[in-house]
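Everything below concerns the one structure shown next.
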């Protein structure tokens, strides 16, 4: 076994190469730098919205985190979970597990940043409106998914049953988005992810900053998921070695 | 020496619906004989409606404003009591293995379990509705038929998701804790529209005003009944 790579039998008969976790993860460092740069760009070089003032700047963190957490984490998790049930490749299970944890981080960012915008604009930190409530409950689904993984010791049933929850969570997300249109609530209606994207109601500077923030958050999401996947691979490899001993 | 009796070798597998009804009958018969889960759910439902009656200022808030929420909290939590029992009874003596060894399809086992759970939830609701009506002094008007229809529609979604999660959590160490933890977030898109539709109907609004909420319930039912039926066989894989 070399210091940079190692052959592993994790995955049953499959062999995969695992890099050493001791190396510096430049992708993650680059992603964090991009997010910091996006925050600086939002604070220093993006015009302040006339009516909402500084509070509106939270939009550049809150919305990209929501899009990443809800659509780029939970839905891929559901797709990967479905693929696991079909292909029975445990690497897919590790990807789903990684995406669930990363999704929970981003949903937590959404739930933490929302109140800071809500207090000056709505006059209250928390409002029981449909979308906010649904996002909160989606975080409960993710917590339940991760707790359930911890409650099953055998890898195969754990992966199989988790995959089912993953698919169900993915089916829940469209209901969350639908609630925005079906309920008349206090939550601002989508201004970028509208059915007609070309009519996005943002100034060009704001839209540019928003898209830059979204790209930064997506990069961070990829870097975190990649790191978490590596950790899960190492954990399973260690478990396999302990079982063989 | 007489000829040996002829043995019928050709076997015609019973239909999906017939198998599902057979499984549902078995579950309901067990419940009818033991009455353990139903009694627990019934007592829970009546006790909850009594306790809720003392948690709000009766002179300032109309019972019509509180009753829909009370009803749906009771429906959601009492349903969980029956759902947990659904697969719990199959764990003793590995009864589930015997069921899997039978020629019934796994989808029909799921449909049977869900049907039995639906009957269980409907019976608890049939007891809860008059109890809440009585304790909250609700008027005996025709809106109750609409509420019964909404309750049945919502129960289909609740039972489909709940039965699947009961099958999943029965394989885990923390079944009693995990079932509500997993199922309740999925109940939210059912409970919110159902409670809103119930509120509209109780306040004398026409049924047509509740149509949007009922559409959400119907969409949820279609999506999650289909997904749960397809996903269920994977919970039983050896």
Task: Reciprocal of mean inverse Cα separation for chain B (Kirkwood radius, Å) - done: 19.2 Å
Open item on the list: Using C-alpha positions alone, give me the convex hull volume of region B:121-238 per residue in cubic angstrom.
Closed with: 103 Å³
Open item on the list: How tilted is helix B:16-34 with respect to the longest principal axis of chain B? Cα atoms for both, answer in degrees (0 to 90, nearest 10).
Closed with: 70 degrees
- [ ] Using only the Cα atoms of region B:158-211, construct the convex hull and provide its projected area averaged over every direction, in square nanometres to one decimal.
- [x] 4.2 nm²
- [ ] Note the angle between two axes, namely the Cα long axis of helix B:63-91 and the longest principal axis of the Cα atoms of chain B, as a number of degrees from 0 to 90, rounded to the nearest 10.
- [x] 20 degrees
Open item on the list: Test of understanding: in a Gaussian network model of chain B with alpha carbons linked when under 10 Å, which of B:130, B:63, B:185 would top the mean-square fluctuation ranking?
Closed with: B:185
Task: Two-decimal log10 I(q)/I(0) for the protein assembly as shown, as the Debye equation yields it once each C-alpha is a single scatterer, q = 0.13 Å⁻¹ - done: -1.27
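Suppose the chain between residue A:36 and residue A:202 were pulled fully straight at 0.36 nm per residue; how much longer would it get relative to their current alpha carbon spacing?
On the way: separation 166, 0.36 × 166 = 59.76 nm, distance 2.25 nm.
Result for the pair: 57.5 nm of gain on full extension.
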Task: Principal-axis tilt of helix B:143-169 within chain B, Cα atoms, nearest 10 degrees - done: 50 degrees
- [ ] Starting from the alpha-carbon convex hull of region B:34-157, give the projected area averaged over all orientations, in nm².
- [x] 8.7 nm²
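Read the figures in this text as sums done on the coordinates, not as results from a lab. Worth saying up front: this structure is predicted, and the values here are computed from it rather than measured.
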